Amino acid sequence: MAQPKVAIIGDGNVGTALSKGLTRAGYEVQAVGKVPEKVREIARWGDIIVLAVPFNERANALKEWETPS
């Protein structure tokens, strides 16, 4: 069985560390920062979506993900 694709929303310290570790473990990973179009694209791509943003930015990140392009 193939590893699930992991989409990481947030490319700061936590998102970068998760991306590196998951890639080393054999997962296909894509990470994105604050570009709304890329957030939506990568969220649709992933089988697993990890929200790795500061606590006070979570609502903004979800809004970028849910807003249709």
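Working only within the stretch 21-44, note down all residues that are in contact with a strand residue (DSSP E or B) (Cβ under 7 Å, 6 or more places away or on another chain), closer than 12 Å to I9 by Cα and of a type outside the set (S, T, N, Q).
Step one: of the stretch 21-44, the residues in contact with a strand residue (DSSP E or B) (Cβ under 7 Å, 6 or more places away or on another chain) are 22-23, 27-32, 38-39, 42-43.
With closer than 12 Å to I9 by Cα added as a condition, the list becomes 29-32, 38-39, 42-43.
Scanning the stretch 21-44 gives V29, A31, V32, K38, V39, I42, A43.
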Looking at (1) at pLDDT below 95; (2) touching a strand residue (DSSP E or B) at 6+ places or on another chain (Cβ under 9 Å), find the lone condition where I8 falls short.
(1)
Residues of the stretch 1-53 being open to solvent by 70 Å² or more (accessible area, probe 1.4 Å), within 11 Å of the chain's Cα centre (by Cα) and among the charged types (D, E, K, R), in sequence order, are D11, K34, K38, E41, R44, D47
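The values are calculated or read from the model by the stated rules, or taken from the named source; none is laboratory data. All values reported here derive from a predicted model rather than from experimental measurement. So basically every Cβ, Gly included, is an ideal-geometry build from the backbone, and we count neighbours across all protein chains shown. Only protein heavy atoms, including side chains, enter the accessible area calculation; ligands, DNA and RNA are left aside. Shrake-Rupley method; radii C 1.70, N 1.55, O 1.52, S 1.80 Å.
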